[in-house]
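Each value in this text was obtained by applying a stated rule to the coordinates, not by laboratory testing. What you see is a predicted model; the values in this text were computed from it and never measured. Glycine also receives a Cβ, built like all others from the backbone with ideal geometry; neighbour counts cover every protein chain displayed.
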Amino acid sequence: MMDRIMNALPAPVFRVLNAMFGTRDEESLAQTVLYAMIAAVLVLIALSLGTSFFNPVILQSVLQQIPEFALLSLAMGLAMVTGGIDLSVIAVANLAGIFAAYIMTSPAIEAALGTGGMIALACAVGLFVGLLAGLFNGFIIVKFGIPPLLTTLGTMMLFAGLGTGITGGVGITGMPHVYVDAISAQLAGTVPLSFVMILAIFLVASWYVKHSVFGKSLFLYGESNVGALFSGIRIEKTLITSYAISGLLAAAAGLIMLARFNSMKVGFGDTFQLQAILVAVLAGMDPYGGRGRLLNILPTVILLQCVESAFTIAGLSPYAKKMIWGGLLLLFMALNFFFHRVVAKQQTARAIRQQAQAADADTTPAKA
Amino acid sequence: MKMKSNDMPHPQTKSDAPLPSGGTTGMLKAALSRLGQQSTVSMLSFIIVAYIVVVALISPDFLSWATAFDLVRSGAAWMIVALGVLVVMISGGIDVSFLANAILSAYVATLVTKLTGIDSLSFAILIAIAVGAFVGTINGLIIHLFSLPTLITTLAMQGVIHGFLMVFLNARPITAGRMPSSLRHFGTDTLFEFPSGAGYIGLSVFVVPLIIAIFTTWYLLNRTAIGRAIYAVGSNKVAAMRAGVNLLKVNLVIYGYAGALAGLMGLMMVSDVRLVDPTTLIGNELLVLAAAIIGGAKLTGGAGSVPGVLLGMTLVTLLSNTLVTIGLSASWSRFFIGFALVLIASISHYQTKRRNLRQLNFENV
Amino acid sequence: MELLRLEGLSKRYIGTQALDRVDLSVGTGEVLCLAGANGSGKSTLMKCVVGAETPDSGRIIWQGQSFSKLTPAQSRQLGIDIIYQDLSIFPEQTVAENVAFHAVQSGRRGWINWSEVDRIATEALDKIGAKLPLHTRLGDLPIGARQTTAIARALTGDCRLLVMDEPTTALPSRDVAHLLDMVRRLKADGISIIFISHKLEELFDIADRFVILRDGCKVAEHAPSELTSKRLSFLMTGVEFDSSKASQDLPKAAPTILSVESLSREKQYEDVSFSLKAGETIGFAGLTGAGRTEIALSLYGLNPPDSGTVTVAGNALNARSPLDAIRAGIALVSEDRQTQGLFPRKPIKENISAASYQARSGAFGIIPPTVEREIGDEWVRRVRVKTPSSDEPVQTLSGGNQQKVVLAKCLATNPKILIMDNPTVGIDVGSKAEIHEIVRDLARQGRGIIMISDDLEELVMSCHRVFVMEAGKLVAEFSGDDLTTSALSARLRSEG
């Protein structure tokens, strides 16, 4: 039905779209729309809130609040590159946080290793738990051929259930002060240290994905799993690695959440589930796989956090946010649908042009 | 065995069983493929009976009419909503918006009953079902128009529905005292009672909507053309479109029906707990999905049955409610449900993957 | 009496003009053979007729009633039905339900009587003299049973025109004879039939008329009496077949680079042995399902054999994955270009580099930034892909150029042995000739080539030796002066 509407669009509309986006693929189109939207939202916030939003304190707090959100979104984005999804990220974050919290609240370990050693051990164990959880996801997906959606749905319950079982559903509180304070450390007194670290992780991750066998394999698998298989790509290794990295990122997010709340239990950060998917889609990751730029996830996270802070300043209910996020997600996926059509039309036009040119140039046909 | 490419025996028969690789992996593979040949219903029945026996051995009080009636009362609403999820999953889709839909429907139904002063149960049920079906239809329409991934769409819809309820309807909890009396009775009425021990035990009226929902869903899926079209779409969407199945109609029916059942479930839940709290329920969607999958519904569509999903939900209900009886903390219930889910999915998908690879079909690598 | 007329149907997919102003007419009770090489637009044309595709322009006229497009339900109501090449069945459902599916869906009552379903299924299966277990899940039955089911389903309605898309490809010859009998019976009942095929010798005695498509255009229309198979093949391909072999003599001292010893895989192929010398091209002829593709996939690490040995350049090879095969110097141009060969939305350079990343990466798997462009540009030039830049998405290319990209991807890994499975299916004559030229060049460079093809002329033209496969076994070998298309086709026809 939408096809009909698309086909009914008059040619001038397409020409305008072409001129606006002047693009050869969905990826750039999505990116253009994303940056246009960021600009529009910032202008809107500036007009409605002015300096009550654009002041150092608020801006700093925006950056301060994004680390765990950014890491979870990156984990989700990574899964989406392969055409999968990772529903277990929050559960992994919780589980890793719970393990770390147990270690950090144990006087015996503190006595043996000192506070610093204890925190280091807790973080290492937390990350290790995340890694194991991720490997488990990847292993199940690859070896049994269960779709990632179903696998992570199951392991999400498994991990969350494990966390609830161990803790009895009660929060663990009372982390060391050093650890809790670390989250609010500033670089040169202005930029939060945590944000700098996140920025570094994103730059490294997106560079590596662009320039490594692993990254190429990831995107090619997402574009066509059978094509990747026939091209000699190490599918099993790539997928397991990718889910292991998702697990690590989720665990890191869990450690940050532990510092922020000075407490951990299953259920913390549940709202990130929808938001991480929203961010990945807004940032142009194709839920069917193979498309998108990981680096775009960071500005998208910042955008969402800005909107969230603006909402808080404007005194909107948290449920209004939930509704707007949901609505935005629907809107963007619908837009993606149109992007595909626009790009296909453009490519058809270009193919006709090029083949006509080639036919003209090729006056001496090949002999059989 | 002689080669005859056109007369292969069924790929599932024992000719596939001897496996070249040895060791534990080989044994695991063999065990998995043997397990995969059992029908879901018989396998689940076995597991459930075994579980009940274990629980009864540890705690003999467990085997009583009181326990059974209690399980029916607490499980009925969930079974109804699981039937809706089953219909969606047979078509190859997934729905996580149904609990938001349920609570919205229940809230609207309670509100309308109060505002109009029509304190009638059937009126409230009618409204809840209508609201649920309407919201579900919107789901179906969006998914169809933009051919979107169903999980992400319904996840977004969950946010929109819940947000709408809290922001636009400005929902506040409605306590028992302010609930219409018909709803309060609905939650406590029984079909029949008999004396037992200190007091009376009875079978909740929830059994009636449950039986109606079971019959309707079974009839829809097995006795109507549209029901078979739903299976066809899940089995091979392209073939279904080529066969002239109207996808829009199928999508609207699927999500509308799931929504209607969600509305009914919502009303039962609020009658049961005698409180309309707009913030409850949400977050338990996965339990229902797990039940449907444990009951043999495939994420890829085309498979799943009413008895399967009822048994799946029974197992989930048992695991959620009876762990304490065998001396485990109730907080472990999700762990076991998740474990069952991963295990059962592994068995069925491993079977498919092996069969496909054998037929040189590489689509699920 | 004219039943159906098509006027100027056109359809385009991004890089491919699938149909270019095609006219066609079918009379009542007529058997029309729609001939053409793979990819010539036959299937697309028929999909437009049955409403599975929407034509970009043109008219469909059914008994004087004119349509710009049809929906599947509409076309079935008019009395048009089709048996798709991929059969289009429901694997999760039972045989009975599959057969009766249309009857159930178009029934005026919204509910189902299952005994009625069984009755319809039995009746339809009886009509074609087939017996199948009604209540078995169709996905569990072999391909032959699935095809029977699809045929039976098409006959449940009030069918006036039946389209059969390549129904003989996967059938052994005794089943083909049975199928043709069925066609005759349907014709006698006054049902019109459009029979799509690219192997037409078997159809000369049942067809009333041949229509030939090439590259999306209708190029000719003839009565069978006006056609010879040589003439037909000229019309389909556009080139006069030159029976002189283009391949050159092998140097005597050419080393053996591949030897396969009694390779077997249950239910696929049995005790297959052959060897391949450097600079040699060997071919495999046979039906789909005879085991040719299965062996190719085994050599490429995707279909582990049960027993037997493979030796590549003196070393035993036990390839468990395509990467193992690529490392040993084996590359595969697979049959299914769209899903197995290409990443349609990715740029040409990434497609060409796809199999070479592993070999060209350094520490930590990092690929030097210029590698993709180097490989892409070099191979675009060497296999002469017609494109302004290697940054273009591969889906904007025509079929022939897409196939050159697949070939380039394989060659970029510098293989010693190149396996090609129907390498020129569905591509234009010019590209086909260019690909054959490239293959000859490769052989001259001392590479070994294994060519699987349904196109016997292609095999005779390119190969030093050709094996015929039947039901999983190598049953004949032709070489030297014995290697002619007539000899091959005679051997293939004598099967079964």
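Plainly put, region C:235-390 has a radius of gyration that is 1.00 times its Kirkwood radius, both from alpha-carbon atoms, as the Rg/Rh ratio. Hydrodynamic analysis of region C:269-330 uses the Kirkwood radius over alpha carbon pairs. Inserted into Stokes-Einstein at 10 °C and 1.306 mPa s, it gives a translational diffusion coefficient of 127 µm²/s. Residues with amide H under 5 Å of C:ILE193's amide H, sequence separation 5 or more or different chain, H placed in the peptide plane at 1.01 Å from N; which? Result for C:ILE193 returns C:GLU30, C:VAL31, C:LEU32, C:LEU162.
A cut-off of 5 Å between modelled amide H atoms, ignoring neighbours fewer than 5 places along the same chain, links B:LEU203 with B:LEU191, B:PHE192. Within chain A, the longest run free of exposed loop sites, counting chymotrypsin sites (Phe, Trp or Tyr not before Pro) that sit outside DSSP helix and strand states (H, G, I, E, B) and have at most 16 other Cβ atoms within 10 Å, spans A:55-287. For region A:119-131, backbone phi angles converted through the Karplus equation (6.51, -1.76, 1.60; θ = phi - 60°) give residue-by-residue couplings of 5, 4, 4, 4, 5, 4, 5, x, 4, 5, 4, x, 4 Hz, Gly and Pro being listed as x.
Under the shape rule built on the C-alpha gyration tensor, where the axes satisfy a ≥ b ≥ c, region C:423-464 is oblate, since a/c reaches at least 1.5 while a/b does not exceed b/c. Secondary structure note: in region C:105-224, about 50% of the DSSP beta bridges are antiparallel.
Distant-in-sequence amide contacts of C:PHE67, defined by a placed amide H-H separation under 5 Å and a gap of 5 or more residues or a different chain, comprise C:ILE60, C:ILE61, C:TRP62.
Summarised as an ellipsoid, region A:51-113 has semi-axes of 29, 25, 8 Å, derived from the eigenvalues of the Cα gyration tensor scaled by 5 and square-rooted, with the largest first. For B:LEU71 and A:LYS143, the FRET efficiency from 1/(1 + (r/R0)^6), where r spans their Cβ atoms and R0 equals 35 Å, is about 0.45. Kirkwood hydrodynamic radius computed over region A:84-126 comes to 10.9 Å, based on all pairs of distinct alpha carbons.
Calculate for chain A the 222 nm mean residue ellipticity that helices alone would give, adding -39,500 (n - 2.57) per DSSP H run of length 4 or more and normalising by residue count, nearest 500 deg cm²/dmol.
-26000 deg cm²/dmol
With no solvent and one point per C-alpha, what does the Debye sum give as log10 I(q)/I(0) for region C:444-487 at q = 0.14, 0.18, 0.30, 0.32 Å⁻¹? Results for region C:444-487 at q = 0.14, 0.18, 0.30, 0.32 Å⁻¹ read -0.33, -0.55, -1.23, -1.29. Taking the number of Cβ atoms within 10 Å of each Cβ as an exposure proxy, the fewest-first ranking of C:CYS33, A:CYS123 is A:CYS123, C:CYS33.
When all alpha carbon pairs of region C:336-461 are counted in 10 Å bins from zero, the resulting P(r) reads 13, 44, 33, 8, 1 %.
Can you tell me the orientation of helix C:143-154 relative to chain C, as the angle in degrees between its alpha-carbon axis and the longest Cα principal axis, to the nearest 10? That helix lies at roughly 30 degrees to the long axis. The HN-Hα couplings worked out from phi for region A:62-75 by the Karplus form 6.51 cos²θ - 1.76 cosθ + 1.60 (θ = phi - 60°) are 4, 5, 4, 8, 8, x, 5, 4, 5, 5, 5, 5, 5, 4 Hz, whole numbers, x standing for Gly and Pro. Report, in degrees rounded to the nearest 10, the 0 to 90 angle that the Cα long axis of helix A:193-211 makes with the longest principal axis of chain A. The angle comes out near 40 degrees.
Here region C:96-138 has an Rg and Dmax of 10.3, 30 Å, counting Cα atoms alone. Taking a straight Cα-Cα cut-off under 24 Å and skipping sequence neighbours fewer than 8 places away in the same chain, the lysines within cross-link reach of C:LYS346 are A:LYS210, A:LYS216, A:LYS237, A:LYS345, C:LYS11, C:LYS386, C:LYS404, C:LYS409, C:LYS432. The charge dipole of region B:219-352, taken about its Cα centre with unit charges on the Cβ atoms of Lys, Arg (+1), Asp and Glu (-1) only, comes to about 520 debye.
Cα-based radius of gyration for chain A, normalised by 2.2 N^0.38 Å, reads 1.12. Size of region A:38-192: Rg and Dmax of its alpha carbons, in Å, are 19.4, 56. For the Cα atoms of chain A, what angle does the longest principal axis make with the long axis of helix A:235-261, in degrees from 0 to 90, nearest 10? For helix A:235-261, the angle is close to 50 degrees. Compactness check for region A:173-223: Cα Rg over 2.2 N^0.38 Å is 1.73.
In chain C, the calculated helix contribution to ellipticity at 222 nm averages -9500 deg cm²/dmol per residue, counting -39,500 (n - 2.57) for every DSSP H run with n ≥ 4.
With a 10 Å cut-off around each Cβ of C:71-84, the average count of Cβ atoms from other chains is 2. Candidates B:SER120, C:GLY216, A:MET285 compared by Cα position along the dipole of the protein assembly as shown: farthest toward the positive end lies B:SER120, with charges placed on Cβ. Across region C:1-151, Cα-Cα pairs more than 18 Å apart make up 64 percent of the total. Listed values for region B:76-91 are Karplus-derived 3J(HN,Hα) couplings in whole Hz (6.51 cos²θ - 1.76 cosθ + 1.60, θ = phi - 60°), namely 4, 4, 5, 5, 4, 5, 5, 4, x, 4, 4, 4, 4, 5, 4, 7, and x replaces Gly and Pro. Over the C-alpha atoms of chain B, the Rg to Rh ratio, Rh being the Kirkwood estimate, stands at 1.01. Qualifying trypsin sites (Lys or Arg not before Pro) in region C:93-176, where qualification requires a DSSP coil assignment and no more than 13 other C-beta atoms within 10 Å, comprise C:ARG108, C:ARG109, C:LYS131. For A:THR164, neighbours were defined as the other residues whose beta-carbon sits under 12 Å from its Cβ, and their charges (Lys and Arg +1, Asp and Glu -1) total +2.
Each listed q (0.07 Å⁻¹) maps to a log10 I(q)/I(0) for the protein assembly as shown from the Debye sum over equal C-alpha point scatterers, namely -0.77.
The equivalent ellipsoid of region A:235-346 has semi-axes of 27, 23, 11 Å, largest first, where each one is the square root of 5 times an eigenvalue of the Cα gyration tensor. DSSP assigns beta bridges within chain C; of those with both partners inside it, close to 55 percent run antiparallel.
Enclosing the Cα atoms of chain C in their convex hull gives a volume equal to 162 cubic angstrom per residue.
Between C:ASP306 and C:SER115, the FRET efficiency from the beta-carbon distance, with R0 = 45 Å, is close to 0.50. Stretching the chain fully between C:VAL219 and C:ALA316 yields a gain of 29.9 nm (0.36 nm per residue, less the alpha carbon separation). Hydrodynamic analysis of region A:103-193 uses the Kirkwood radius over alpha carbon pairs. Inserted into Stokes-Einstein at 25 °C and 0.890 mPa s, it gives a translational diffusion coefficient of 154 µm²/s.
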